Amino acid sequence: MLNRRNFLQLSSLGFGSLFNQDVFAKNRNRSRPIVISTWPEGLKANEEAWKILKSNGKALDAVEKGVNVTESSINCCVGLGANPDRDGIVTLDACIMDEMGNCGAVAALERIKHPVSVARMVMEKTPHVFLVGEGAQQFAVKEGFTLDEQVLSPSAKKEYENWLKKSEYKPIINIEKGHGPFAPSQLEDGAYNHDTIGMVALDASGNVSGSCTTSGMGFKMRGRVGDSPIIGAGLFVDNEVGAATATGVGEEVIRICGTHLVVELMRQGNSPEEACRKAVHRIVKRDKAKAKDLQVGFIAINKNGEHGGFCIQKGFDYAVCYADDKNYLIQAKSYF
Ligand code: SD4
């Protein structure tokens, strides 16, 4: 549990403080700008996004540069050091969407460090929305991205070697066992290690954008793509309403067009948290027994700068930043 002493220590680190959603609720009505992102890694990503937002930069730039931090982190499972597919190859998926409804996506991209930036190029430099596999890689190289070597992080290498012993096809999605007070060094050690980051932001001009980037399920079938690069599933933005992003078992999110649903629920007047809760319930309702072993989490912001999140299992945190010294980790409420 977070006690006062721990809280003060964390605050003095200037890094991130852990808050319960109810405690935080009092401070809900925030003026813009604001950025939120999934999992504890979101704290670092938010810091980068915040640099752009506080100098009146665009939400689109903030959500790209923010998640680039996570993509670069060798100890985080999002980028080239992440858990590979069952053939040992790391394949990355990402998408980005701006306030005009423009969007770009890539999937099954190999050896490119920043898939979200390639997704932005797809959005800005092609008449298309989605490029996959070899074609996406060729496009990235043509746009000046370098082909890097895939170097698995020590933990991904170990996990893959373990997995190979049985080679049982049970693709893995992290279900966080719970959080606690932590220091930056624990993050760097990979203590909180997720294969996805989704980020949505509202900038000083009142525009909303979002991004989502992932290595997908660990030890997945070659060619498997989840929700993260799919507009309306892993990410959706509507500048009249707000934006949402998702994490967890992608197949479940795709089946309900999860983030599109969250945004439409906000359009009907639901708060971000209520919209995320209703989307989670939609997943659980399909098969409650199955849902006991699944994790899916949604986070959302609306045009007033309110934010919220909801998940199936306890233990999903999201990071909220609306000032230099206000980068909080929020414990989302859960169905179970
Ligand atoms: C996927 N949604 O590929 C991603 C994985 C994820 O935390 O979010 N993991 O299905």
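The values are calculated or read from the model by the stated rules, or taken from the named source; none is laboratory data. Please read these numbers as outputs of a predicted model, since none were measured by experiment. Quick reminder, even Gly has a Cβ in these numbers, built from the backbone with ideal geometry, and neighbours come from all protein chains shown. Accessible surface is based on the protein model in full, side chains and every heavy atom, while ligands, DNA and RNA are left aside. Shrake-Rupley method; radii C 1.70, N 1.55, O 1.52, S 1.80 Å.
Against the definition (within 15 Å of the ligand (Cβ to nearest atom), hydroxyl-bearing (Ser, Thr, Tyr), assigned to a helix (DSSP H, G or I) and touching a Gly at 6+ places or on another chain (Cβ under 9 Å)), how does Thr259 come out, yes or no? Steps first, please.
Values: within 15 Å of the ligand (Cβ to nearest atom): yes; hydroxyl-bearing (Ser, Thr, Tyr): yes; assigned to a helix (DSSP H, G or I): yes; touching a Gly at 6+ places or on another chain (Cβ under 9 Å): yes.
In short, yes.
For region 313-331, give me each residue that is within 16 Å of the chain's Cα centre (by Cα) and aliphatic (A, V, I, L, M).
Within region 313-331, Ala319, Val320, Leu329, Ile330 meet the criteria.
Within region 250-264, take every residue that is under 21 Å from Asn207 (Cα atoms) and in contact with a helix residue (DSSP H, G or I) (Cβ under 9 Å, 6 or more places away or on another chain) and give me the one that is surrounded by the fewest Cβ atoms within 10 Å (Cβ to Cβ).
Glu264
Condition test on Ser205, is it more than 8 Å from the ligand (Cβ to nearest atom) and of a type in the set (Ser, Thr, Tyr)?
yes
Does Lys333 satisfy the condition of being basic (Lys, Arg), away from the ligand (no atom under 12 Å from the Cβ), open to solvent by 10 Å² or more (accessible area, probe 1.4 Å) and touching a strand residue (DSSP E or B) at 6+ places or on another chain (Cβ under 6 Å)?
yes
Checking Thr247 against (1) buried (at least 24 other Cβ atoms within 10 Å of the Cβ); (2) part of a loop (DSSP other than H, G, I, E, B); (3) modelled with pLDDT of 95 or more: exactly one of these is not met. Which one?
(2)
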